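Take a look at the structure below.
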Amino acid sequence: MDQRNHPWMSFPLLMMNLQLIGRVEKYVDCKSKLRALRTKYKSLKEVHGRCTNGDDYVELWEGSDLRFKRSEISALKTMSASITFFARNLFRKSFSMEEIVGHSLLGRKSTALKDHAPLPSVDPTRRDAIIEFCLKTYGFEVIPGNPSLKAHKTRKSAKTKIIKPLSDFMGEERIST
């Protein structure tokens, strides 16, 4: 009997054909998904182009007149391990050493040095823009109409995590100069 005509020899060929059909179906499915993704990518790219209007700069907070390139903000966020590092890096880019020396973050009287007069605060518009932008970037923005006490406490805690290190940073900069 010829081995090619043996009933068991046709079974492996049948299995190979079924596997091949399965691969072709998978290929066709992947190709259609790729087309859909390309279409979605093009539409998102168009929308993004309309949103930027050729302006590569972002104002951190409306009315603050504090503008950075989108690429700078992305780089700062990438190299910052947490919200506190991100705030500190933005603060460094926004304020010169001359603006930091002789000033405090909030202009409050020191609790440790009761006899000393409080230092004037840095520009409150830019300071608040940095703090609010950091909170918004890390998902702690104010949601209108949300009276949730838990959300308020979480936001307040995140804001404290920004203010304390920024205040410490300003103290370190005053000492080092």
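The values are calculated or read from the model by the stated rules, or taken from the named source; none is laboratory data. Every value quoted in this text rests on a predicted model; they were computed, and no experiment measured them. Neighbour counts run over all protein chains shown; Cβ positions are idealised from the backbone, glycine included.
Structural remarks
- Yes/no for Val122 being of a type outside the set (S, T, N, Q) and surrounded by 13 or more Cβ atoms within 10 Å (Cβ to Cβ): yes
- Leu105 being buried (at least 18 other Cβ atoms within 10 Å of the Cβ) and at pLDDT 90 or above: yes
- Among the residues of segment 70-113, those identified as among the hydrophobic types (A, V, I, L, M, F, W, C), more than 16 Å from Leu60 (Cβ to Cβ) and free of Cβ contacts under 8 Å to residues at least 12 places away in the same chain are Met79, Ala81, Phe85, Ala112, Leu113.
- Residues located in segment 135-176, provided they are in contact with a Leu (Cβ under 7 Å, 6 or more places away or on another chain) and either under 16 Å from Lys77 (Cβ atoms) or not in a helix (DSSP H, G or I) (or both): Glu141, Ala158
- Pair list, Cβ under 6 Å, 6 or more apart: segment 141-161 residue exposed (fewer than 11 other Cβ atoms within 10 Å of the Cβ), other residue of a type in the set (Val, Ile, Thr): none
- Take the conditions (1) at pLDDT below 85; (2) surrounded by 10 or more Cβ atoms within 10 Å (Cβ to Cβ); Leu66 misses just one of them, which is (1).
- Boolean, Phe95 is surrounded by 13 or more Cβ atoms within 10 Å (Cβ to Cβ), at pLDDT 90 or above and closer than 24 Å to Asp65 by Cα: yes
- Residue match in segment 154-174 (condition: among the basic types (Lys, Arg) and modelled with pLDDT under 80): yes
- Among the candidates Leu106, Leu135, residue that is in the same structural domain as Lys156 (by TED's automatic domain parsing), touching a strand residue (DSSP E or B) at 6+ places or on another chain (Cβ under 7 Å) and closer than 22 Å to Lys164 by Cβ: Leu106
- The number of residues in segment 66-124 being aromatic (Phe, Trp, Tyr) and in a helix (DSSP H, G or I) comes to 3.
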